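K.L.:
Here's a structure for you.
Read-outs: derived from the displayed coordinates by stated rules, not from any lab. From a predicted model like this one, the values you see are computed outputs, not experimental measurements. With ideal geometry, Cβ positions are generated from the backbone for all residues, glycine too; neighbour counts draw on all protein chains shown.
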Amino acid sequence: MTLAPTLITLDSLAAGQSATVIHLAPADHCDIDAGVDVPRRLMELGFVPGERIRMLRRGVPGGEPLAVKVGNSTFALRKFEAALISIRPE
């Protein structure tokens, strides 16, 4: 019996862990009325399916923002943005 890999969202990945992007939530989960298409912005930054990422740090207090490395770039994300990204931890 093969167990399916567990998917989580990026906002729950621990600092120091790596993962692979699997899926981004569709735009209907976002505030498009405010002119912001967050999933599209995340894809433009490099959060695309198949891409390896690494959670570098979490801000204090409250754990925000999240410092995430994608390729050779590091980005600061808010928790609600990271929650749109489904990942497979390594």
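K.L.:
Once phi is turned into ³J(HN,Hα) by the Karplus curve 6.51 cos²θ - 1.76 cosθ + 1.60 with θ = phi - 60°, what whole-Hz value does each residue of the range 66-73 show in order, with x for glycine and proline?
P.N.:
With the stated coefficients, the range 66-73 comes to 9, 9, 10, 9, 10, x, 9, 10 Hz.
K.L.:
For MET43, MET55, what's the fewest-to-most ordering of other Cβ within 10 Å of each Cβ? Could you put the intermediate results ahead of the total?
P.N.:
Details: MET43 16, MET55 23.
So the ranking, lowest neighbour count to highest, is MET43, MET55.
K.L.:
With r defined as the distance between the Cβ atoms of SER73 and LEU7 and R0 fixed at 25 Å, what FRET efficiency is calculated, to the nearest 0.05? All intermediate terms of the calculation are to be shown ahead of the outcome.
P.N.:
Numbers: r = 24 Å, r/R0 = 0.94.
The calculated FRET efficiency here is 0.60.
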